[in-house]
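Asks: Sending over a structure as structure tokens; questions will come in a sec.
The values are calculated or read from the model by the stated rules, or taken from the named source; none is laboratory data. None of the values given here were measured: they were computed from a predicted structure. Glycine also receives a Cβ, built like all others from the backbone with ideal geometry; neighbour counts cover every protein chain displayed.
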Amino acid sequence: MNLKTFKEFLIEKLIFLSGVTSIMLVILIFIFLTKEGLSLFKAVSLKDFLLGHYWYPISEPSQFGILPLILGSLFVTMGATIISVPIGVASAVYIAEIAPPRMKEVLKSGIEILAAIPSVVIGFIGMTTLVPFVKNALNLPTGLTAFSGSVMLAFMAMPTVVSIAEDALNAVPKKYKEAAFALGATHWQTIWRVVLRAASSGIVAAIMLGIGRVIGETMAVMMITGNAARIPTSLFQPVRTLTATIAAEMGETVQGSDHYHALFAIGIVLFVITFIINLIADFAVHRKLK
Amino acid sequence: MRHNAYQTQKIAFVLLFIATVLVVLPVIFIVFIIVQKGWHAITWEFLTAIPKNGMREGGIFPAIVGTVYLVVGTLIFALPLGVLSAIYLTEYSKDNLLTRLIKLAIINLAGVPSVVYGLFGLGIFVIFLKFGSSILAGSLTLAIMVLPIIITTTKEALDSVPQSFREVSLSLGASKWQTIQYSVLPHALPGILTGVILAISRAAGETAPILFTVAAFYLPHLPQSIFDQAMALPYHLYVISTQVPNVSVEIRYGTALVLLVMVLSANFVAIVIRSKFRKMKKW
């Protein structure tokens, strides 16, 4: 083997190693989360962890029930999904089917910019504008509520929903539309009865990925939702999400304490939830291709 | 009957248009309000001085520098790894289970919540590898987070290089790596650059992954080595808007403006490069 083929051999090995890095990273993330998180279950049962009603990590005796946090995440996510899905899909339809080419470019750039705004900036704007507005308009004791979080997170989910739904709409074969037009359908009838239906699995993927984005969002949520670890009964109460709990408390825990392990255990819960959401989205995308 | 169908269409299209406005309007609103309330704070001192009086006065220089260090560190790790990984996927991988798993892993990495990256970085880099809370640990954590962005944009760029370019090079006796190096990568460069810039913008703006891996609440001096903690712009904005009472509105908005300008100008450059590249394509 001469030097040149040896060099080529080395480079190809390096390329292969880089190729499989992603798999190794996913495994490593899971290993490190479980390594630090599973120790919690020596002190607390899985049932008490997932279904316990009280999150009192630093009181004596401490309680590590994450049900209020799960419900907090659920409330915020549901609110954001209800707002962002109809608006997001509708605007994807407008961009993919109706907007003239130049306007399309401008709109897509605008959505890209929305996606680029850091979550801490969204949180900051929410704190200074939306939160006082919600407080006054609805006459609440505080504007730091699940509702305010939902509204700001809906904006953050929008770019994901719009761009993936738009891809799905663009992937619908042209002949479907031509056939509908040939039968005398109007443009809107074609969109409503043919294009949207043909793109439905891609739209499902867009919705799932939008939900994944919202569940995982941390900074904006922590700044806007009020962070009260109580079981919420309405959208207009302060809530605390899984992500915000980790971000807010990790800095103050003692390494190796039950509290520390509990925060990693929450990390496992988040990792598993987003993993499942991504699997469903991936499944939906691949079903579309067949 | 016909008349009704067109009536419905008109209403539907108006609703779709309103939805689109609802998506785009907040962007304009957010940018406008931050510029309007923040630009008074932007002075030479604000950009180049260290924070004073419990961050209620002075500037944000250490936070800007920290963010620049972190972005550079992130790219050092993520760029080679991401580009090589994309090369593997487009040029070498076969249509088999391994490839399917790699693609699934990339999708999952893109979906992992940023705060979970923070936990992972804390577990592996800060504690297990004993880097401590440092620029090194923070950069590595951010690098893993932006890896999917670089891989997917690079892969897209490589895929768009016509197959015939590779065939010609191979038929002239070039090896596979030479072909990639001289006939494929140069044509994919603008696309790769777009991915790099998007990664920069993401790394500069994220807060959750750096919370426990590098970010310092307040440092009166600049970091001296990669094993030092650093202040960072997004974390600084979080700190002065929620943790420190009585910071003036102007300083808060000014910090938000500097962060927004850094992130959005990167994105703007990416958009320009991409549209130029699309027009330039000769094939």
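Asks: Would you check if there is a residue in segment B:68-77 being modelled with pLDDT of 90 or more and in contact with a Phe, Trp or Tyr (Cβ under 9 Å, 6 or more places away or on another chain)?
Replies: The first filter runs over segment B:68-77 and keeps only residues modelled with pLDDT of 90 or more, leaving B:68-77.
Now narrow it down to the ones that are in contact with a Phe, Trp or Tyr (Cβ under 9 Å, 6 or more places away or on another chain): none.
Looking for residues that are modelled with pLDDT of 90 or more and in contact with a Phe, Trp or Tyr (Cβ under 9 Å, 6 or more places away or on another chain), one finds none in segment B:68-77, hence no.
Asks: Where residues in segment B:112-139 are in a loop (DSSP other than H, G, I, E, B) and closer than 24 Å to A:Leu242 by Cα, which of them is nearest to the other protein chains (Cβ to nearest Cβ)? Break it down into steps so the answer makes sense when it comes.
Replies: So the first thing to find is which residues in segment B:112-139 are in a loop (DSSP other than H, G, I, E, B), and the list is B:112-113, B:129-134.
Now narrow it down to the ones that are closer than 24 Å to A:Leu242 by Cα: B:112-113, B:133.
Values: B:Val112: 6, B:Pro113: 3, B:Ser133: 10 Å.
For segment B:112-139, the residue satisfying everything is B:Pro113.
Asks: Kindly evaluate B:Leu104 against the criterion of being within 25 Å of B:Pro209 (Cα to Cα) and within 11 Å of chain A (Cβ to nearest Cβ).
Replies: Details: within 25 Å of B:Pro209 (Cα to Cα): yes; within 11 Å of chain A (Cβ to nearest Cβ): yes.
Here the answer is yes, as B:Leu104 does meet what is asked.
Asks: I would also like to ask the following. Which of the residues spanning segment A:135-148 are surrounded by fewer than 21 Cβ atoms within 10 Å (Cβ to Cβ), of a type outside the set (Lys, Arg) and not in a loop (DSSP other than H, G, I, E, B)?
Replies: Result: A:Asn136, A:Ala137.
Asks: When both residues are 6+ apart or on different chains and their Cβ atoms are under 8 Å apart, which pairs have a first residue that lies in segment A:271-286 and is within 7 Å of another protein chain (Cβ to nearest Cβ), and a second that is of a type outside the set (Ser, Thr, Tyr) and not in a helix (DSSP H, G or I)?
Replies: Close Cβ pairs (under 8 Å, with a partner that is of a type outside the set (Ser, Thr, Tyr) and not in a helix (DSSP H, G or I)) amount to A:Phe271/B:Val112; A:Phe271/B:Pro113; A:Thr274/B:Val112; A:Thr274/B:Pro113.
Asks: Report, by residue number, each residue of segment B:26-42 that is over 17 Å from B:Leu233 (Cβ atoms), modelled with pLDDT under 90 and either more than 8 Å from chain A (Cβ to nearest Cβ) or exposed (fewer than 13 other Cβ atoms within 10 Å of the Cβ) (or both).
Replies: Of everything in segment B:26-42, just one residue is over 17 Å from B:Leu233 (Cβ atoms), modelled with pLDDT under 90 and either more than 8 Å from chain A (Cβ to nearest Cβ) or exposed (fewer than 13 other Cβ atoms within 10 Å of the Cβ) (or both), namely B:His40.
Asks: Then there is this: Can you find a residue that is buried (at least 24 other Cβ atoms within 10 Å of the Cβ) and outside any loop (DSSP other than H, G, I, E, B) anywhere in segment B:167-186?
Replies: No, every residue in segment B:167-186 fails to be buried (at least 24 other Cβ atoms within 10 Å of the Cβ) and outside any loop (DSSP other than H, G, I, E, B).
Asks: Now for a separate question. Any idea which of B:Ile180, B:Ile200, B:Ile144 is at pLDDT below 95, within 14 Å of the chain's Cα centre (by Cα) and not hydroxyl-bearing (Ser, Thr, Tyr)? Give the derivation first.
Replies: Numbers: B:Ile180 fails: within 14 Å of the chain's Cα centre (by Cα); B:Ile144 fails: at pLDDT below 95.
Criteria check complete, one pass: B:Ile200.
Asks: Right, here's the next one. Could you tell me which residue of segment A:257-273 is farthest from B:Ser114 (Cα to Cα), considering only residues that are aromatic (Phe, Trp, Tyr) and crowded, with 22+ Cβ neighbours inside 10 Å?
Replies: Taking segment A:257-273 first, the residues aromatic (Phe, Trp, Tyr) are A:260, A:264, A:271.
Next cut, crowded, with 22+ Cβ neighbours inside 10 Å only: A:264, A:271.
Values: A:Phe264: 14, A:Phe271: 10 Å.
The selected residue is A:Phe264.
Asks: Mind listing whichever residues of segment A:127-148 are out of contact with any Leu (no Cβ under 9 Å at 6 or more places or on another chain) and not aliphatic (A, V, I, L, M)? Explain how you work it out, then say what you get.
Replies: Going residue by residue through segment A:127-148, those that are out of contact with any Leu (no Cβ under 9 Å at 6 or more places or on another chain) are A:128-130, A:132-133, A:136-142, A:144.
Listed by number, the residues that qualify are A:Thr128, A:Thr129, A:Pro132, A:Phe133, A:Asn136, A:Asn139, A:Pro141, A:Thr142.
Asks: Looking for something buried (at least 24 other Cβ atoms within 10 Å of the Cβ), part of a helix (DSSP H, G or I), out of contact with any Cys (no Cβ under 7 Å at 6 or more places or on another chain) and within 8 Å of another protein chain (Cβ to nearest Cβ) - is there at least one such residue anywhere in segment B:263-278? Working first, answer last.
Replies: First, pick out the residues of segment B:263-278 that are buried (at least 24 other Cβ atoms within 10 Å of the Cβ): B:263.
Retained after the next criterion (residues that are part of a helix (DSSP H, G or I)): B:263.
Subset that is out of contact with any Cys (no Cβ under 7 Å at 6 or more places or on another chain): B:263.
When the remaining residues are screened for being within 8 Å of another protein chain (Cβ to nearest Cβ), the result is B:263.
There is at least one residue in segment B:263-278 that is buried (at least 24 other Cβ atoms within 10 Å of the Cβ), part of a helix (DSSP H, G or I), out of contact with any Cys (no Cβ under 7 Å at 6 or more places or on another chain) and within 8 Å of another protein chain (Cβ to nearest Cβ).
Asks: From A:Ile83, A:Ile111, A:Ile27, grab the single residue that is part of a helix (DSSP H, G or I) and at the interface with chain B (Cβ under 7 Å from one of its Cβ atoms). It would help to see each step written out before you state the result.
Replies: Values: A:Ile83 fails: at the interface with chain B (Cβ under 7 Å from one of its Cβ atoms); A:Ile27 fails: at the interface with chain B (Cβ under 7 Å from one of its Cβ atoms).
None of the others qualify; the one that does is A:Ile111.
Asks: Within segment B:222-240, is there a residue that is away from chain A (no Cβ under 13 Å), surrounded by fewer than 24 Cβ atoms within 10 Å (Cβ to Cβ), over 24 Å from B:Leu79 (Cβ atoms) and modelled with pLDDT under 90? Talk me through it step by step, then tell me what you get.
Replies: Residues of segment B:222-240 away from chain A (no Cβ under 13 Å): B:222-228, B:230-231.
With the extra rule that they be surrounded by fewer than 24 Cβ atoms within 10 Å (Cβ to Cβ), the set shrinks to B:222-228.
Cutting the leftovers down to over 24 Å from B:Leu79 (Cβ atoms) gives us B:222, B:224.
Applying the additional criterion that residues be modelled with pLDDT under 90 yields B:222, B:224.
The answer is yes, given that some residue of segment B:222-240 is away from chain A (no Cβ under 13 Å), surrounded by fewer than 24 Cβ atoms within 10 Å (Cβ to Cβ), over 24 Å from B:Leu79 (Cβ atoms) and modelled with pLDDT under 90.
Asks: Would you point out which residue out of A:Val172, A:Val214, A:Val194, A:Val151 is more than 9 Å from chain B (Cβ to nearest Cβ), at pLDDT 90 or above, outside any helix (DSSP H, G or I) and over 24 Å from B:Val244 (Cβ atoms)?
Replies: Numbers: A:Val214 fails: outside any helix (DSSP H, G or I); A:Val194 fails: outside any helix (DSSP H, G or I); A:Val151 fails: outside any helix (DSSP H, G or I).
Just a single option satisfies the conditions, and that option is A:Val172.
Asks: So, in segment B:45-60, exactly how many residues are part of a helix (DSSP H, G or I) and without any contact (Cβ under 8 Å) to a residue 60 or more places away in the chain?
Replies: Let us first name the residues in segment B:45-60 that are part of a helix (DSSP H, G or I), namely B:45-48.
If we keep only those that are without any contact (Cβ under 8 Å) to a residue 60 or more places away in the chain as well, we get B:45, B:48.
Total satisfying the criteria: 2.
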